[in-house]
1. If a residue must be in contact with a Gly (Cβ under 6 Å, 6 or more places away or on another chain) and in a helix (DSSP H, G or I), how many such residues does segment 227-269 contain?
2. Failed condition for Pro231, given (1) open to solvent by less than 40 Å² (accessible area, probe 1.4 Å); (2) at pLDDT 90 or above; (3) within 17 Å of the chain's Cα centre (by Cα); (4) not hydroxyl-bearing (Ser, Thr, Tyr), with all others met?
3. Could you check, for segment 170-186, whether at least one of its residues is modelled with pLDDT of 85 or more, among the polar types (S, T, N, Q) and in contact with a Phe, Trp or Tyr (Cβ under 8 Å, 6 or more places away or on another chain)?
4. Out of the residues in segment 251-264 meeting the condition of being open to solvent by 10 Å² or more (accessible area, probe 1.4 Å) and of a type in the set (A, V, I, L, M, F, W, C), tell me which one is nearest to Arg214 (Cα to Cα).
5. Can you tell me which residues in segment 1-18 are in a strand (DSSP E or B) and open to solvent by 50 Å² or more (accessible area, probe 1.4 Å)?
6. Kindly indicate which of Val166, Val155 is β-branched (Val, Ile, Thr) and open to solvent by 40 Å² or more (accessible area, probe 1.4 Å).
7. Quick one: is Gln196 touching a residue at least 40 places away in the same chain (Cβ under 8 Å), open to solvent by 40 Å² or more (accessible area, probe 1.4 Å) and not in a strand (DSSP E or B)?
8. Conditions: (1) touching a strand residue (DSSP E or B) at 6+ places or on another chain (Cβ under 8 Å); (2) over 21 Å from Ala18 (Cα atoms). Met124 meets all but one. Number of the miss?
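The values are calculated or read from the model by the stated rules, or taken from the named source; none is laboratory data. As the structure is a computational prediction, the values presented were derived from the model and not from experiment. Here the Cβ positions follow ideal geometry from the backbone for every residue, glycine too, while neighbour counts run over all protein chains shown. The area values use the complete protein model at the heavy-atom level, side chains included, leaving out ligands, DNA and RNA. Shrake-Rupley method; radii C 1.70, N 1.55, O 1.52, S 1.80 Å.
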Amino acid sequence: MTQTQLILDQVVLVKVDATIYGARKKLNKEDLVLADGSKLPPEDLASLGSKRLLDPDRLSVFNRLKKEAERICLRVGTRFLGGFIVPVAAAPQVTVELDRIAGDFAQARAEFLDGYDTAVQDWMVKHPEFAGIIEKAIDSVALVATRLTFDYLVVSVALPEQLPKVEVERLESKIGSLSEQMFHEIAVDANLLVEQSLLGKEQVTRNALRPIKRIRDKLDGLSFLDHRVAPVVTTIDDLLGKIPTRGSIEGGLLQEILAMAMLLADPDKTRRHGEGLLAAQAPTPELETDADVDVEEIVDPTEPESSELPASPTPVIPVIAETVSSDPDFTDLFDGIFDDELEAESSSDDWALEVLLDKRQSDLVTGHDADQANDLENSAEPATVTAGDDEEADDSDQDYWF
């Protein structure tokens, strides 16, 4: 079995399918009132843009729920082919949270459709001079209903049995990039932690550790993607073990947290750090001691010479080979730690998704249906995916960005 298939056996692909009504229409020339002598540029030079049909704040709830669904998947998984690769063990928790979001989305959708006509009228009252161009572009409630949907799909992924070698290599390259994508996402979260919660602070509360705990849990769950992840997780655990159970964090301990966050904010240095720790843990050959060296027996000069011994025996001097440490030098580990730009996220190929997706939905999500989103009153209590939710009540200061 190939390394690629070993990885795929440990993950599922979660596809979040959310469509949100834009409440926009193209702005036409006749919608504008121009002064005498004024003219618009030709369409090949400039476009007019769009016009809003209602207050965009009324749609903000749907955008918020969609982003929340993506964050839930990213807490334990990484982006892949337009969806999210999630460890099999974490998939049940993810689906519980997505079911909760589907219920919230359905409720918000029903409320929006009930108040759609009123929302449009309020928008025309707010812009009376342009009420005419708004009214001409209004969509029906039935049409809007088809453009407000939320659903998700969980599928298993496998390499096809019959595929040209070159196509298999391309797919394996995509799957091999999962590690790079994971380190990039970790770096984004760590950089936000540094910029918004740690830099310039003399002390922080234990709430500031929540992002680091989430990063730690994500790395631990996806450690099978890269052998260098495990020692990094151990390093984070060692740091978290030093944190007091109560009170603020300051001084040298805060500087250690800052250094760790800065390390995680650089994908290349995080990989190098993990590789260096693995090299340091590798067993080194033992040096020979005098007791291990075979030395020729020294002849007592008082004893009679044997004819088998040389006339002038040359003493054998044991030589111990000098070994050189192979540990890498990590003195430049934090060089360039404040680089501003992170590597851009690579786009996914539609052909790869078509080949990889199994037609059978994963057994992890049983009985799920697209209409389930409209009726979740009897669903189980959602299980949280976040780490560090057992913090003390007295540490309520918000030192993190979300």
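1. 2
2. Of (1) open to solvent by less than 40 Å² (accessible area, probe 1.4 Å); (2) at pLDDT 90 or above; (3) within 17 Å of the chain's Cα centre (by Cα); (4) not hydroxyl-bearing (Ser, Thr, Tyr), only one is false for Pro231: (3).
3. Checking segment 170-186: at least one residue is modelled with pLDDT of 85 or more, among the polar types (S, T, N, Q) and in contact with a Phe, Trp or Tyr (Cβ under 8 Å, 6 or more places away or on another chain).
4. If we take residues in segment 251-264 being open to solvent by 10 Å² or more (accessible area, probe 1.4 Å) and of a type in the set (A, V, I, L, M, F, W, C), then Met260 is nearest to Arg214 (Cα to Cα).
5. Lys15, Asp17
6. That would be Val166, the only listed residue that is β-branched (Val, Ile, Thr) and open to solvent by 40 Å² or more (accessible area, probe 1.4 Å).
7. yes
8. Among (1) touching a strand residue (DSSP E or B) at 6+ places or on another chain (Cβ under 8 Å); (2) over 21 Å from Ala18 (Cα atoms), the lone unmet condition for Met124 is (1).
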